[in-house]
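Student: Encoded as structure tokens, here's the structure I'll be asking about.
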Amino acid sequence: MKKILYSGLLFIAFFALKTVTAQTKKPLAKPSATTNINASIQRGKAVYATLCVACHQVDGGGVPNLNPPLIKTSYVLGDKKRLINILLNGMQGVDIDGETYSNVMPPVSQFSNQQIADVLTYVRNSFGNKASAVTLTEVNSLRPKK
């Protein structure tokens, strides 16, 4: 009798524990927009370090009269299409917020669309900037089809 009672108690305890455990398990969370933008920023930081830093500097300050700063300018924080097109098509001689910059920025055709989206997201969220991410879809819509 004791053996049957003991077995019964073990059975009840096992299922009670299993029920409690099942109720406390949370479903795996889907990556949030914050997670996605943080991943894009990290990838963009690596892209920036490989090419952009030479002209725009580690701190994004640029070089007076040559290479524009990336710190809180209307070009960086403004229209994303204009910013994407600068990377896709290059630029020379530009006036940004009342300052003139004369160096040539060649197009970065060696970058994939994802790298362009990532580096622009990094720039728009670094150096004191805070702006929305540039998406792969936005770059895809502007890059000429080959």
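The values are calculated or read from the model by the stated rules, or taken from the named source; none is laboratory data. Note that the structure is a prediction, hence the values are computed from the model and not measured. Neighbour counts run over all protein chains shown; Cβ positions are idealised from the backbone, glycine included. When the accessible area is computed, the model is the full protein with side chains, heavy atoms only, and any ligands, DNA or RNA have been set aside. Shrake-Rupley method; radii C 1.70, N 1.55, O 1.52, S 1.80 Å.
Student: Please find, within the range 91-141, the residue that is nearest to the chain's Cα centre (by Cα) out of those that are of a type in the set (Val, Ile, Thr) and within 19 Å of THR35 (Cβ to Cβ).
Tutor: That would be THR121.
Student: Only residues that are surrounded by fewer than 18 Cβ atoms within 10 Å (Cβ to Cβ), among the charged types (D, E, K, R) and in a helix (DSSP H, G or I): list them for the range 92-137, please.
Tutor: Within the range 92-137, none qualify.
Student: Something else about it: Which of the residues spanning the range 68-85 are touching a strand residue (DSSP E or B) at 6+ places or on another chain (Cβ under 6 Å) and either touching a residue at least 40 places away in the same chain (Cβ under 8 Å) or open to solvent by less than 40 Å² (accessible area, probe 1.4 Å) (or both)? Write out each step before concluding.
Tutor: Within the range 68-85, the first condition is being touching a strand residue (DSSP E or B) at 6+ places or on another chain (Cβ under 6 Å), and the residues that meet it are 68, 73, 75.
Selection gives PRO68, THR73.
Student: Related question: Just wondering, is there one or more residues in the range 49-67 that are surrounded by fewer than 18 Cβ atoms within 10 Å (Cβ to Cβ), of a type in the set (D, E, K, R), touching a residue at least 40 places away in the same chain (Cβ under 8 Å) and within 22 Å of THR34 (Cα to Cα)? Outline the logic, then answer.
Tutor: To start, the set of residues in the range 49-67 that are surrounded by fewer than 18 Cβ atoms within 10 Å (Cβ to Cβ) comprises 49-51, 53-55, 57-59, 61, 63-66.
Those left that are additionally of a type in the set (D, E, K, R): 59.
Pick out the ones that are also touching a residue at least 40 places away in the same chain (Cβ under 8 Å) and you get 59.
After this cut, where a residue has to be within 22 Å of THR34 (Cα to Cα) as well, the list is none.
No, that holds for no residue.
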